[in-house]
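The structure under discussion appears below in the form of structure tokens.
Values in this text are rule-based calculations from the coordinates and carry no lab data. The structure presented is a predicted model; accordingly, all values stated were derived computationally and were not measured. Cβ sites come from the backbone with ideal geometry, for glycine too, and all protein chains shown count toward neighbours.
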Amino acid sequence: MDLGQGSSDDRSLELALIERCRKQDDEAFARLVDVFQNRLFGFVRRMVQDRDEAMDITQETFIRAYQSIARFDGRSSLRTWLFRIAHNLCIDRARKVERRPTEYTFEGMTESEEGFDIADHRWNPETGILDDELRKVVEDGIGSMSEKLRSVLLLHDRENLQYEEIADILKIPIGTVKSRLFLARAHLQQVLRSYLNYEGSVQ
Amino acid sequence: MERELLEKMLKDAQLSPEEEAQLDALLASKAQQTVSLMSASAPQEELDLDWRRDLNLQLAKESEKRRRRNRFMWTLRPAVGLALASAMAMVIWVRQPTVEAGPYKAPLEQKVIAAHEEATALSDLQGATVASYHNPSAPKQREEWTEVDLGAL
């Protein structure tokens with residue numbers, strides 16, 4: 001059973017698991033944690049940066065889910081519900097911590113949004129492998145954008161959620177999801193372009 | 001890309017269907033897809049067993065809390081039911097209508113006894129041949145002697 005992928009085949013299994021959890025079957029809830037813990041942690045880790053804090057928020061997500069699973073109506077998928085709880089906790093935390101994300105003007109975007117290519121040994125698009133340095137640049141780029149852009153980028157590009165699911169989690173229109181996704185990727189492009197330009201000038 | 005579209009996106013403004021189609025094309029562009037692949041390729045970090053043990057402990061506490069709450073509700077529900085039933089019974093009992101004995105204040109039995117005692121007392125005073133019942137509204141008897149009376153003498 002791979003509930004985390006959200007395929008239609010797993011829907012009945014998911015509903016059965018939810019039903020068992022509602023009946024206070026702790027073993028069923030442990031199964032739910034097994035399926036989602038690393039995915040939720042991966043999302044939260046990039047939303048809050050600090051590893052310990054991310055671990056606490058992931059834990060809090062499951063505790064909140066445990067407390068309220070009896071009220072979960074099953075209209076949205078389990079993963080949408082869990083990501084919504086995790087996202088809300090991340091936003092609550094972001095409100096407490098004053099953080100100033102790096103703002104890009106996206107000035108160059110109106111002239112040429114094309115022509116972005118990394119054709120060197122550090123990035124193999126076939127295998128999707130990044131070398132450590134480039135990976136750090138990507139991680140820093142993700143970390144430097146605002147929460148609203150980052151959450152969309154992570155949910156779409158890392159968690160493979162559909163636009164509709166993301167709109168449901170973030171409570172925003174689908175058009176806004178697409179706009180934010182475009183801007184988030186554009187932000188990352190600018191970070192990478194700056195890095196590659198700097199690399200080129202050094203070499 | 002048009003500046004107007006970019007500005008709308010930066011303001012989270014609603015896009016027209018044409019603009020959304022344009023945005024779909026932009027999202028599918030090579031530059032955007034490259035960045036998408038790169039952001040997806042960062043390795044997944046995993047949680048350790050200590051984290052899971054902590055979570056299990058917290059969930060066990062929550063489970064115990066829930067059990068206690070359920071037990072409390074089990075005892076609370078009948079108690080609340082009983083209290084409600086008692087309150088209802090009290091209300092019904094207090095508001096029950098009283099039976100009026102009639103225009104007299106005293107109960108009927110006392111009136112009967114009083115009438116009997118009065119009649120007995122009159123009988124004692126006047127003798128058995130005198131009617132104990134005196135009706136003031138009855139026509140007065142004539143007190144003069146008639147010829148019939150005199151003849152009888």
Practice problem: Go through the stretch B:1-37 and name the trypsin sites (Lys or Arg not before Pro) that are in a DSSP coil and have 11 or fewer other Cβ atoms within 10 Å of their Cβ. | Solution: B:K11
Practice problem: Kindly rank B:72-82, A:145-155, A:23-33 from highest to lowest mean number of other beta carbons found within 10 Å of each residue. | Solution: A:145-155, A:23-33, B:72-82
Quiz item: With each label point set 7 Å from Cα along the Cα-Cβ vector, what nm distance links A:N88 and B:A121?
Solution: 8.8 nm
Quiz item: Which entries in the list A:K136/B:K8; A:K23/A:K148; A:K96/B:K11; A:K23/B:K61; A:K96/A:K171; A:K96/B:K30 go over 29 Å, if you measure between the two C-alpha atoms of each?
Solution: A:K136/B:K8; A:K23/A:K148; A:K96/B:K30
Exercise. Partner chain Cβ atoms within 10 Å, averaged over the residues of A:29-37 - can you pull that number for me?
Key: 2
Self-check item: Cα→Cβ-extended label distance, 7 Å offset, between B:N70 and B:E147, nm
Solution: 11.6 nm
Practice problem: Count the net charge of all other residues whose Cβ sits under 13 Å from the Cβ of A:I18, scoring Lys and Arg as +1 and Asp and Glu as -1. | Solution: +3
Quiz prompt | In range of the label at A:R64: residues from the stretch A:152-193 whose backbone nitrogen is under 17 Å from the point 7 Å along Cα→Cβ | solution = A:152, A:155, A:166-172
Quiz item: Averaged across the residues of B:42-53, what count of C-beta atoms belonging to other chains lies within 10 Å of each residue's C-beta?
Solution: 5
Quiz prompt | Modelled FRET efficiency - R0 30 Å, B:V112 with B:I92, Cβ distances, 0.05 increments | solution = 0.35
Quiz item: Where Lys and Arg each count +1 and Asp and Glu each count -1, what net charge lies around A:V152 among other residues with Cβ under 14 Å from its Cβ?
Solution: +2
